[in-house]
Amino acid sequence: MRVAVVGGTGDFGLALAARLVDAGDDVVIGSRDSGRAEEKAREVGAASGAANEDAVLDVELVVLATKAEATLATAAALADAIGQTPILSVASELRFGPGGARPGADPRSLAERTQELVRAPVVAGLHSLAAGKLAHGRLDEDAFVCGDDTDAKALALELAAKAVAGRALDAGPLESARALEGLTAVIVNLNKRYKGHAGVRITGLP
Ligand SMILES: NC(=O)c1ccc[n+]([C@@H]2O[C@H](COP(=O)([O-])OP(=O)(O)OC[C@H]3O[C@@H](n4cnc5c(N)ncnc54)[C@H](OP(=O)(O)O)[C@@H]3O)[C@@H](O)[C@H]2O)c1
């Protein structure tokens, strides 16, 4: 699969890129700075690095992996360059305050709001995979993907299966991204409370 990772110079995007390279995918690292993208691409053995608007051209899937606060502005800026290429949003909006992390204040997910800005089908997933662990290899966890476009979701599930040794699971429509993004706050709080590195495994499925 040929995949662009927008914001692929960051902790999560680069770790994901490394796992996709391991799996034999053709990965383009995207950045606001093409030089940084090329440097990071060399670091993980990706096919190339480029400015975000060039990275998204001629790929099968675009992973939107900028820092969460930049997701909507980046999606809007890249909408024309991305065209109809499916987008995987991995972003979770978090608020920090007394007692711990909370989901973002907007009742809709970042992924749903991203969908309003682009013509491409948006799916969401991989929120529960920690960059720090993913950088060292496939995770012994499950990964979740949700979305309304069947083909886009199938592509994202194929990608997710390369990041985890557990299962890549279809979590339903794009609105489920509200729960998947919110789960990130739960994981952050568990890590802090129990001083660990939580991941998720679903039981009871055939
Ligand atoms: N960290 C995790 O464990 C984890 C796990 C699951 C999902 N996620 C999600 O993955 C995404 C990336 O997380 P991260 O921890 O890798 O974030 P990060 O390192 O803070 O940022 C990722 C990249 O975003 C780009 N960026 C920063 N500010 C930007 C702006 N104003 N406009 C456009 N691009 C900007 C930067 O790339 P350039 O400066 O090179 O353009 C940076 O390398 C987030 O949406 C997060 O919710 C993270």
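Rounded to the nearest 10 degrees, the inclination of helix 71-82 to the longest alpha-carbon principal axis of the chain is 30 degrees.
Pairs from the list 162/192; 40/162; 67/162; 67/153 with a Cα-Cα gap above 25 Å: 162/192. Among rounded, prolate and oblate, which fits segment 1-69 when a ≥ b ≥ c are the square roots of the eigenvalues of its C-alpha gyration tensor, a/c under 1.5 means rounded, and a/b larger than b/c means prolate? Rounded. Each peptide in 120-127, 50-57, 70-77, 140-147 receives the mean, over its residues, of other Cβ atoms within 10 Å, and ordering these scores from highest gives 120-127, 140-147, 50-57, 70-77. Specify whether the C-alpha gyration tensor of the chain places it in the rounded, prolate or oblate class, a ≥ b ≥ c being the square roots of the eigenvalues: rounded for a/c under 1.5, otherwise prolate if a/b is larger than b/c and oblate if not. Rounded shape, in that the Cα axes give a/c under 1.5. Once both axes come from the Cα atoms, what is the angle between helix 34-44 and the longest principal axis of the chain, in degrees from 0 to 90, rounded to 10? The two axes meet at around 60 degrees. Of the peptides 6-13, 152-159, 164-171, the ranking by mean beta-carbon count within 10 Å, highest at the top, reads 6-13, 152-159, 164-171.
No value in this document is a laboratory result; all are computed from the given coordinates. All of these numbers come straight from a predicted model, not from anything done at the bench. No Cβ is skipped: glycine too gets one built from the backbone with ideal geometry, and neighbour counts run over all protein chains shown.
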